[in-house]
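Working notes, beginning with the structure itself.
Only the coordinates and a few stated rules stand behind these numbers; no lab work does. Predicted, not measured: the structure shown is a model, and the values here were computed from it. Note that each Cβ is placed from the backbone with ideal geometry, even for glycine, and that neighbours are counted across all protein chains shown.
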């Protein structure tokens, strides 16, 4: 069984060392390169073509957002996972707009990084749980106040709620628990919503969510 090939890019040596230890402790992950700035990261990724690149936003020279946008254009098969101190929704939106597949806070790295890597490698999306619940207010009161154009004129309120949480990478089980409905119902809402919007993949859903302002909604 082949290992998932990982690149790490961070300009803080202590953080880079900690990330290295996390990766090397996993039998199914293979650390194939490191970088301490954006330009170096781009060169290493071009050379090694990893499965996942873990990138800090605030790197000198070429920052993580610009690097992500460039990689998404040049090497779309490389999954980009942002690792950062920034908890502001604006940074999350910029990251996903640029093409990132995951967003993890450095303070959560020990608990979340490996899970995030495994989520994006199978085609999923990942948002750090510490900020995910603040991204969308899925209460009926709040959703009901949203204008039709903000959630898609054809979507029902519940379909919009489910798609918002799906865009953040929540599983059907997690969404069912949050909305207090059955998993089968979540599957139905998701299927109906994506069919109405003509969306086939989670990446398309996240781009739609971003374009509708869902990722910046408080």
Checklist outcome for this item: Where a ≥ b ≥ c are root eigenvalues of the Cα gyration tensor, a/c under 1.5 meaning rounded, otherwise prolate if a/b exceeds b/c and oblate otherwise, the stretch 4-133 counts as rounded
Checklist entry - Could you give the angle, 0 to 90 degrees to the nearest 10, between helix 157-167's Cα long axis and the longest principal axis of the Cα atoms of the chain? => result 10 degrees
Checklist entry - the stretch 165-202 to the stretch 10-58: how many Å between their Cα centroids? => result 33 Å
Checklist entry - What relative contact order, as a whole-number percentage, does the chain give when Cα pairs under 8 Å and 6 or more residues apart are counted? => result 15 percent
Checklist entry - How many percent of DSSP beta bridges within the chain run antiparallel, rounded to 5? => result 0 percent
Item to check | Mean residue ellipticity (222 nm) of the chain, computed from DSSP H runs ≥ 4 via -39,500 (n - 2.57), nearest 500 | outcome: -16000 deg cm²/dmol
Checklist outcome for this item: Pseudo-spin-label distance residue 177 to residue 200, built 7 Å along Cα→Cβ, given in nm, is 3.3 nm
Checklist entry - Could the peptides 70-77, 109-116 be put in order, highest first, of the mean number of other beta-carbon atoms found within 10 Å of their residues? => result 109-116, 70-77
Checklist outcome for this item: If one compares the long axis through the Cα atoms of helix 109-121 with the longest principal axis of the Cα atoms of the chain, the angle in degrees, nearest 10, works out at 80 degrees
Next on the checklist: Can you give me the angle between helix 183-197 and the longest principal axis of the chain, using Cα atoms only, in degrees from 0 to 90, rounded to the nearest 10?
Outcome noted: 90 degrees
Checklist entry - Fewest first, what order do 103, 208 take by the number of other Cβ atoms within 10 Å? => result 208, 103
Next on the checklist: Can you order the peptides 185-193, 123-131, 47-55 by their average number of other Cβ atoms within 10 Å per residue, highest first?
Outcome noted: 47-55, 123-131, 185-193
Next on the checklist: I want to make sure I understand the PRE zone here: with the label point 7 angstrom from the Cα of residue 90 toward its beta carbon, which residues in the stretch 46-74 have backbone N atoms less than 20 Å away?
Outcome noted: 56-69
